[in-house]
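Below is one structure, written out as structure tokens; comments come after it.
The values are calculated or read from the model by the stated rules, or taken from the named source; none is laboratory data. Owing to the predicted nature of the structure, the values given are computational and were not obtained by experimental measurement. Cβ: placed from backbone, ideal geometry, glycine included. Neighbour counts: every protein chain shown. In case anyone asks, the SASA skips ligands and DNA or RNA and just uses the protein heavy atoms, side chains included. Shrake-Rupley method; radii C 1.70, N 1.55, O 1.52, S 1.80 Å.
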Amino acid sequence: MRVLPARESGVALIEVVIVLIISATMMAVAMSSRESNGTSATRAGAISAARALGDAVNDFRKDHGGRSPALGTADWPTGTVAQRNRGPINTYTGRPYLRGKALDVLSSDIARVVGPGGTAPDPVRFVLQLSTAGGRPGGWAIVVRDKRAKAPPCHITGGAIAIPSGAGTPC
């Protein structure tokens, strides 16, 4: 009777390589989806801040006979980044119309408010480009632009104003 040699127990090198390839692929997919979820959340925060800013502009207009606030005036001082990003000022109370989480977003490196044709410094991710009808009654538009161009621009409008060119779709 012939005795067969005992098979050695253990894992072959090819099995280890296959497991490592599968693990690396799964990690790459997980990291990619995590990054896109973070981008989506950041964009949602910027859009939410733009909506709150639009509400602040509407509140200002109600208090001032339909006139929109203009950046760089007593209605909306822009001497510092903090002044620019807190929105229009209630001239009766001296307090900004914009409050809450929108102020946190605009005070961080997520978003900045700029005028037509303006840009924000790095590392700010989103630019909230505000266009108003100035000192006369009229509307306003806020275009949300991603400086990294990972998402197309979108806009939020109020009142009667032409939508700026390149404003994309409604947010």
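Taking the stretch 88-103 only, how many residues are farther than 19 Å from Ala44 by Cα, in contact (Cβ under 8 Å) with a residue 12 or more places away in the chain and not aromatic (Phe, Trp, Tyr)?
So the answer is 5.
Restricting to the stretch 139-156, what's the tally of residues that are touching a residue at least 40 places away in the same chain (Cβ under 8 Å) and open to solvent by 40 Å² or more (accessible area, probe 1.4 Å)? Lay out the reasoning, then the answer.
Here is the first cut: in the stretch 139-156, the residues touching a residue at least 40 places away in the same chain (Cβ under 8 Å) are 139-140, 142, 144, 146, 150-151, 154, 156.
Now drop any that are not open to solvent by 40 Å² or more (accessible area, probe 1.4 Å), which leaves 150.
Residues in the stretch 139-156 being touching a residue at least 40 places away in the same chain (Cβ under 8 Å) and open to solvent by 40 Å² or more (accessible area, probe 1.4 Å): 1 in total.
So that you can scan it fast, the table gives a plain yes or no per residue for (1) closer than 15 Å to Gly158 by Cβ; (2) open to solvent by 30 Å² or more (accessible area, probe 1.4 Å); (3) modelled with pLDDT under 75:
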position	(1), (2), (3)
Asp63	yes, yes, no
Gly66	yes, no, no
Pro69	yes, no, no
Pro77	no, yes, yes
Ala82	no, yes, yes
Tyr92	no, yes, no
Ser108	no, yes, yes
Val114	no, no, no
Gly117	no, yes, yes
